[in-house]
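The values are calculated or read from the model by the stated rules, or taken from the named source; none is laboratory data. Just so we're clear, the structure is a prediction, and the values are computed from it rather than from any experiment. In this analysis, Cβ positions are derived from the backbone assuming ideal geometry, glycine residues included, and neighbour counts consider all displayed protein chains. Areas reflect the complete protein model, heavy atoms only, side chains present, ligands, DNA and RNA absent. Shrake-Rupley method; radii C 1.70, N 1.55, O 1.52, S 1.80 Å.
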Amino acid sequence: MQNNHWISLKQIFCILLVSIFLCACTATFNWREIRSDEQGYSALFPAKSNVEQKKLPFNDRLIEISLETSSADEALFAIGSLKLDEKENASADLITLMQKNAQRSIQQETEPILLKASFKLAGENNTKIDGDGFQLSGVSLDGKFRIYWVYWLKRSDSNQMTRVYQLTAMKAFKQKPSGQEISSITEQFNTFLGGFKPY
């Protein structure tokens, strides 16, 4: 069962990689606010975004996941959103599995540290919710050097329904990037993360 989950989540990762070539890239970042009332967030994307609906097998069920992607300067930005009934599927188990699979996507000399992050709620300046993520860099599954940031957070309601979000920012390089290149893309990745506000 665990292996099937890994295959499915790896397929979603590959979809993200393919999206780099399918989405229109621009020479510069033109940040604009996108509101998704259906998925419950506002976000900053560097160019026009595209939305796809996918099915994710988990615990012998198919869970619908919405994937909104945008790309600029050969960097990909994506927000995945799905809803779980905690009485049927524990969101903590799914996030743990996603974290393990993310680690496998980039070759690392040492095990990456799970980083903490806070995200402001939309319309509430002083209210934040916490999330966890990785900031990975190295050779990815397709043999290219990538800087790959991925974060997870969730929002639960009184009916034991939980919305899980995955934020992904990724860029490929022909060779290991210079310090200036890393600094530049880090600024853009931070803009993306800072612009995400769940409802």
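Brief remarks follow.
- Reported count of residues in the range 74-107, each being of a type in the set (Asp, Glu) and in contact (Cβ under 8 Å) with a residue 60 or more places away in the chain, is 3.
- Listed conditions (1) open to solvent by 60 Å² or more (accessible area, probe 1.4 Å); (2) of a type in the set (Ser, Thr, Tyr); (3) without any contact (Cβ under 8 Å) to a residue 40 or more places away in the chain are all met by Thr186, apart from (1).
- Tally of residues being under 17 Å from the mean Cα position of the chain (by Cα) and more than 19 Å from Thr191 (Cβ to Cβ) across the range 117-128: 0
- Test: residue in the range 8-30 that is at pLDDT below 95, open to solvent by less than 60 Å² (accessible area, probe 1.4 Å), touching a Ser or Thr at 6+ places or on another chain (Cβ under 6 Å) and more than 18 Å from Lys171 (Cα to Cα): no
- Beta carbons closer than 9 Å, at least 6 apart along the sequence or on distinct chains, pair a first residue in the range 145-160 that is modelled with pLDDT under 90 with a second that is open to solvent by 80 Å² or more (accessible area, probe 1.4 Å) for Gln160/Lys87.
- In the range 86-143, the residue that is least open to solvent (accessible area, probe 1.4 Å) out of those that are basic (Lys, Arg) and over 24 Å from Phe196 (Cα atoms) is Arg104.
- Hits in the range 152-178 - residues which are closer than 21 Å to Ser91 by Cβ, open to solvent by 10 Å² or more (accessible area, probe 1.4 Å) and within 18 Å of the chain's Cα centre (by Cα): Lys154, Arg155, Arg163, Gln166
- Selection within the range 50-66 - open to solvent by less than 10 Å² (accessible area, probe 1.4 Å) and modelled with pLDDT of 95 or more: Ser66
- Asp142 meets all of the listed conditions (1) more than 29 Å from Arg32 (Cα to Cα); (2) touching a Phe, Trp or Tyr at 6+ places or on another chain (Cβ under 9 Å) but one, namely (2).
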